[in-house]
Amino acid sequence: MTTWDPEQYRQFAAERFRPGYELMARITGSPQSFIDLGCGTGELTVELCRRYPAASSVGLDSSLEMLQKGQKLSSHVNWIQGDLESWRADREYDLIFTNAALQWVPNHDALIPRLMSFVSSGGSFAMQVPANFEAKSHRLLYESAAELGISLKDRRASVLPADRYLDHLSARFEDVDVWYTEYVHILRGQDAVLEWVRGTALRPILTELAEAQLSQFLEMYRNKLRIAYPEQSNGTTRFPFRRLFAVGRGRKA
Ligand SMILES: C[S@@+](CC[C@H](N)C(=O)[O-])C[C@H]1O[C@@H](n2cnc3c(N)ncnc32)[C@H](O)[C@@H]1O
């Protein structure tokens, strides 16, 4: 069994949750209440509690399994189950935080104004979503399906271009930042990009396709990925991944 000393663990967590930390770094003030939407297993929710110890805190996710892990991390947080497609808050929050979750929810032109309407006067809204939909890993996924005559629901559309988030946030907040960061991940192992995508863009497709069709599709996609993302001589694979961040501070009354 590997045992971690606290400093080693801090570094590991910082790497895994790097975009979440990048987002938190741009939040100002001391919120007295916050909600983490799509909180997953709750590590970032607990980090927000550490930064704002006086704040009341809520972690919301659609998955009970995720929330149960959060419950083990902290009993201070109010962990609640909810679906962001229809969720409406029953109160206002000084900070609405959401990291790597909204990409699963459609129609951001309606979603973002709805979520922002639950921020209190003077409060903040902070979001991060993957914006890698033009990357080769995505294009080749749809290209492989098309070549095999498989029709896939195109899930790339839910994340909007940066200027649309800027428009939405500027309508509600005094001070707005919208930016992209591209992380170049150094992946290890065979077919590392395919393995990465299995946990993200491929997830719904793995359950959508029948077994025979799926193995044909995976073979074609794997071969295309090997050419697009060649393994380096040291066995690693470089995988650039772009993320979009938007922060609004000082909600207009
Ligand atoms: C990639 S995880 C991110 C978890 C966490 N925010 C983090 O950064 O570590 C995405 C989370 O969004 C949740 N999620 C996806 N669709 C959702 C929805 N419609 N409503 C609420 N949560 C949702 C998933 O259950 C998952 O826990």
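The values are calculated or read from the model by the stated rules, or taken from the named source; none is laboratory data. The structure displayed is predicted, hence computed values, not measured ones. Methodologically, a virtual Cβ is constructed for each residue, glycine included, from the backbone with ideal geometry; neighbour enumeration extends over all protein chains shown.
Residues that are surrounded by fewer than 20 Cβ atoms within 10 Å (Cβ to Cβ) and in contact (Cβ under 8 Å) with a residue 12 or more places away in the chain within segment 106-115 comprise P106, N107, D109, L111, P113, R114, listed in sequence order.
Would you check if there is a residue in segment 230-246 being in contact (Cβ under 8 Å) with a residue 12 or more places away in the chain, out of contact with any helix residue (DSSP H, G or I) (no Cβ under 9 Å at 6 or more places or on another chain) and closer than 29 Å to L95 by Cα? Scanning segment 230-246, I find at least one residue that is in contact (Cβ under 8 Å) with a residue 12 or more places away in the chain, out of contact with any helix residue (DSSP H, G or I) (no Cβ under 9 Å at 6 or more places or on another chain) and closer than 29 Å to L95 by Cα, so the answer is yes.
A253 satisfies every condition listed in (1) among the hydrophobic types (A, V, I, L, M, F, W, C); (2) assigned to a loop (DSSP other than H, G, I, E, B); (3) buried (at least 16 other Cβ atoms within 10 Å of the Cβ) except (3). Of the residues making up segment 149-178, those that are of a type outside the set (K, R), outside any helix (DSSP H, G or I) and surrounded by 14 or more Cβ atoms within 10 Å (Cβ to Cβ) are I150, L152, V159, L160, F173, V176, D177, V178.
Can you tell me which residues in segment 62-79 are without any contact (Cβ under 8 Å) to a residue 24 or more places away in the chain and either under 26 Å from R26 (Cα atoms) or aromatic (F, W, Y) (or both)? Selection gives N78 alone.
Entry remark, segment 25-48: residues being out of contact with any Lys or Arg (no Cβ under 7 Å at 6 or more places or on another chain), within 14 Å of the ligand (Cβ to nearest atom) and of a type outside the set (D, E, K, R) number 10 in total. Checked against the criterion of being hydroxyl-bearing (S, T, Y) and touching a Lys or Arg at 6+ places or on another chain (Cβ under 8 Å), the candidates S74, S124 yield just one match: S124. Considering segment 51-100, and only residues there that are more than 15 Å from the ligand (Cβ to nearest atom), small (G, A, S) and within 27 Å of R249 (Cα to Cα), the residue that is surrounded by the fewest Cβ atoms within 10 Å (Cβ to Cβ) turns out to be A54.
Screening T237 with (1) touching a His at 6+ places or on another chain (Cβ under 8 Å); (2) crowded, with 16+ Cβ neighbours inside 10 Å; (3) in a strand (DSSP E or B) gives one miss only, at (1). The set of residues from segment 127-176 being under 19 Å from the mean Cα position of the chain (by Cα), of a type in the set (K, R) and at pLDDT below 95 comprises R155, R156. Of all residues in segment 49-60, those that are in contact (Cβ under 8 Å) with a residue 12 or more places away in the chain and closer than 18 Å to S120 by Cβ have Cβ atoms under 9 Å from Cβ atoms of residues that are buried (at least 21 other Cβ atoms within 10 Å of the Cβ) and of a type in the set (D, E), 6 or more apart or on another chain, in Y52/D94; A55/D94; S57/D36; V58/D36; L60/D36.
For segment 104-126, the criterion of being within 16 Å of the ligand (Cβ to nearest atom), among the aromatic types (F, W, Y) and in contact with a Gly (Cβ under 9 Å, 6 or more places away or on another chain) is met by at least one residue.
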